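The values are calculated or read from the model by the stated rules, or taken from the named source; none is laboratory data. If you're wondering where the values come from, they're calculated on a predicted model, not measured in any experiment. Here the Cβ is made from the backbone with ideal geometry for all residues, glycine too, and neighbour counts use every protein chain on show.
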Amino acid sequence: MKNYVLDSYAVLAYLQKEEGAGEVRSLLSEAGEDKVKLFLSVVNLGEVAYITERAAGLPAVHKFLALLQELPIEVVGIDLEVALEAAHFKASLPIAYADCFALALAKKVGGCVVTGDPEFEKAEKHVPIHWLPRKVPSR
């Protein structure tokens, strides 16, 4: 069974029905049928929560957390192994710290990161990336 780690980009694309939402929906469907396994780091969950709260308020965060309970996504806490692997990624790659937790979790579970965030291009040689379509910048 293939393992996927959702980055906050993938979760937000799904929640906000942006580019890539359809691919995330397909992965959720496959996970519901036990064809793949989906993971989300608690750090990346927190990132989705603060972005959601800034954009839509605390009630939207509560709605997201309730929805997350219904989805076939395993939320994974951070243990020492993942924390140190994330620190190693941050020390060696110029990417956001929260992104390093998605990378570290993917390495731990032998999976690939699902994202459209171009920062992950710098990490492709370390962890496989499942690329979502990228957001089209507004003009």
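Observations
- Hey, residue 27 surrounded by 15 or more Cβ atoms within 10 Å (Cβ to Cβ), under 14 Å from residue 114 (Cβ atoms) and in contact (Cβ under 8 Å) with a residue 60 or more places away in the chain or not: yes
- Selection count where residues are more than 16 Å from the chain's Cα centre (by Cα) and under 23 Å from residue 17 (Cβ atoms), scope the stretch 85-139: 4
- Residue in the stretch 82-100 that is modelled with pLDDT of 95 or more, out of contact with any His (no Cβ under 6 Å at 6 or more places or on another chain) and within 18 Å of residue 14 (Cβ to Cβ) present: yes
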